[in-house]
1. Restricting attention to region 328-363, and to residues there that are open to solvent by 10 Å² or more (accessible area, probe 1.4 Å) and under 20 Å from the mean Cα position of the chain (by Cα), which single residue is nearest to S72 (Cα to Cα)?
2. With (1) closer than 23 Å to A118 by Cα; (2) in a helix (DSSP H, G or I) as the list, and A389 as the residue in question, which single condition is left unmet?
3. Out of L36, L78, L65, L84, I need the residue that is assigned to a loop (DSSP other than H, G, I, E, B) and either in contact with a Cys (Cβ under 8 Å, 6 or more places away or on another chain) or under 24 Å from I206 (Cβ atoms) (or both). Which one?
4. Taking the stated definitions as given, is A361 in contact (Cβ under 8 Å) with a residue 40 or more places away in the chain and either on the phi > 0 side of the Ramachandran plot or in a helix (DSSP H, G or I) (or both)?
5. Look at G162 and say whether it is under 22 Å from V352 (Cβ atoms) and touching a residue at least 24 places away in the same chain (Cβ under 8 Å).
6. Looking at G293, G335, can you tell me which residue is among the small types (G, A, S), within 19 Å of I120 (Cα to Cα) and in contact (Cβ under 8 Å) with a residue 40 or more places away in the chain?
7. Is it the case that I292 is in a helix (DSSP H, G or I), over 28 Å from N189 (Cα atoms), open to solvent by less than 40 Å² (accessible area, probe 1.4 Å) and modelled with pLDDT of 95 or more?
8. Suppose we filter G162, G175, G207 for residues that are assigned to a loop (DSSP other than H, G, I, E, B) and open to solvent by less than 10 Å² (accessible area, probe 1.4 Å); which single one remains?
Amino acid sequence: MASALDTNMRFKFSILALFLQVIIIVLFGIFVEYDLTDGSEVLYPIFQDVHVMIFIGFGFLMTFLKKYGFSSVGITMLIAAFGLQWGTLMQGFWHMKGGKIHVNVKSMINADFSTATALISFGAVLGKTSPVQMLILTILEITIFACNEHLVAEVFQATDVGASMTIHAFGAYFGLAVTLVLYRPGLKNKHENEESTYHSDMFAMIGTLFLWLFWPSFNSAIAPGRPDQMKAIINTYYSLAACAVVTFALSSLVDQRGKFSMVLIQNATLAGGVAVGTCADLPIPPFVAMCIGSLAGIISVLGFHFLTPLLASKLNIQDTCGVHNLHGLPGILGGVAGIIVTAVKEEVRPGVSLTPGMQAAALGSSLGIALAGGALTGGILKLPFLGQASDQNCFDDSVYWEIPEEEKQHEIHSNNYDERRFEDTM
């Protein structure tokens with residue numbers, strides 16, 4: 001409800017959003033130009049797949065909350081639309097040629113990737129932050145992400161084609177650090193709106209299916225060559241399949257009545273795509289990818305069942321979407337798999353030999369920088385003048401959105417009031 005908000009909040013968001021968009025347009029005017037000669041246009045179909053994952057997959061996956069569907073899909077669109085522009089600049093500044101950032105289909109894919117980190121973190125704080133806070137989080141996280149990505153790829157010269165470490169683990173632990181700093185004691189006992197309905201879970205399952213279907217494109221999009229790209233597609237395909245079967249099996253097993261849990265099916269079935277990401281294009285046979293996917297499913301299911309309640313009760317980490325179990329733990333598994341594969345099989349890329357030491361350094365930097373950056377960002381988001389909904393208004397679209405049912409109720413009340421006034425004058 002608008003009255004529950006600071007009366008100036010409606011201006012704060014609009015002014016901030018317009019100001020940031022103007023700044024980005026100016027920076028694009030100064031630094032950005034086309035690169036039409038690199039041949040990356042062949043990647044456009046894969047870019048479309050990734051684009052669908054970002055805007056539909058992530059958005060609908062978070063619609064499980066019964067009164068927060070508008071925000072889940074809508075704020076996802078806002079974060080992604082703003083983040084892909086900011087990501088183009090932040091990643092481009094590390095690869096400037098002649099003082100210019102050259103954009104092409106590959107840079108568009110990488111820009112979409114950068115927004116994924118912010119969307120993963122959004123899942124950890126879903127329902128507890130304002131649009132103003134999410135814009136600021138997107139700016140800070142994508143800036144820090146671009147620095148860590150440069151460190152991993154250029155300094156450590158590690159491989160992470162599907163970004164298990166640099167996107168999934170990074171985004172998850174960044175978000176967990178933010179939600180820890182923004183801890184709300186009033187939400188220690190579950191909020192009445194922090195639950196799903198039959199239909200909200202169905203919408204969330206749409207997001208799951210889009211992500212599950214297109215994940216091979218996500219993991220293969222920036223593979224260095226066609227053979228490596230095909231390996232990444234095949235390995236991700238089988239890792240996801242094995243993970244889904246294991247998740248269904250364990251979902252029934254951990255339930256006392258032997259029933260499937262929609263929370264687990266929506267999330268843990270995707271963990272195989274996360275976990276196989278780092279080594280998807282490395283010389284591993286499909287059965288190894290299936291083993292990684294199966295292990296990811298086990299870790300994710302057990303994480304949702306046992307670890308999430310423990311983090312909330314003991315460490316005050318209120319992880320709304322369970323990103324720790326879908327992105328964090330499988331992301332670490334992916335990093336460890338990359339260390340093992342490079343230790344067992346020597347892999348040489350143009351100008352660099354992949355080593356387990358550099359892979360370990362990449363995993364360590366991704367986790368360390370994410371936690372430190374998330375804590376810093378959480379501290380900034382906690383500043384009182386930014387404003388946020390009260391505890392009682394969390395997980396409620398009506399705080400920031402016009403809700404059709406409420407508008408109809410308001411119209412009915414207004415008509416009844418007018419009728420009473422007319423009768424009083426008779």
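1. Looking at residues that are open to solvent by 10 Å² or more (accessible area, probe 1.4 Å) and under 20 Å from the mean Cα position of the chain (by Cα), I get L329.
2. For A389, the failing item is (2).
3. Values: L36 fails: either in contact with a Cys (Cβ under 8 Å, 6 or more places away or on another chain) or under 24 Å from I206 (Cβ atoms) (or both); L78 fails: assigned to a loop (DSSP other than H, G, I, E, B); L84 fails: assigned to a loop (DSSP other than H, G, I, E, B).
Just a single option satisfies the conditions, and that option is L65.
4. yes
5. On the way: under 22 Å from V352 (Cβ atoms): yes; touching a residue at least 24 places away in the same chain (Cβ under 8 Å): yes.
For G162, the condition - under 22 Å from V352 (Cβ atoms) and touching a residue at least 24 places away in the same chain (Cβ under 8 Å) - is met.
6. Working: G293 fails: within 19 Å of I120 (Cα to Cα).
The conditions single out G335.
7. Working: in a helix (DSSP H, G or I): yes; over 28 Å from N189 (Cα atoms): yes; open to solvent by less than 40 Å² (accessible area, probe 1.4 Å): yes; modelled with pLDDT of 95 or more: yes.
Answer is yes for this residue.
8. Only one candidate passes the filter, namely G162.
The values are calculated or read from the model by the stated rules, or taken from the named source; none is laboratory data. Note that the structure is a prediction, hence the values are computed from the model and not measured. No Cβ is skipped: glycine too gets one built from the backbone with ideal geometry, and neighbour counts run over all protein chains shown. Ligands, DNA and RNA are excluded from the accessible area calculation, which covers all protein heavy atoms including side chains. Shrake-Rupley method; radii C 1.70, N 1.55, O 1.52, S 1.80 Å.
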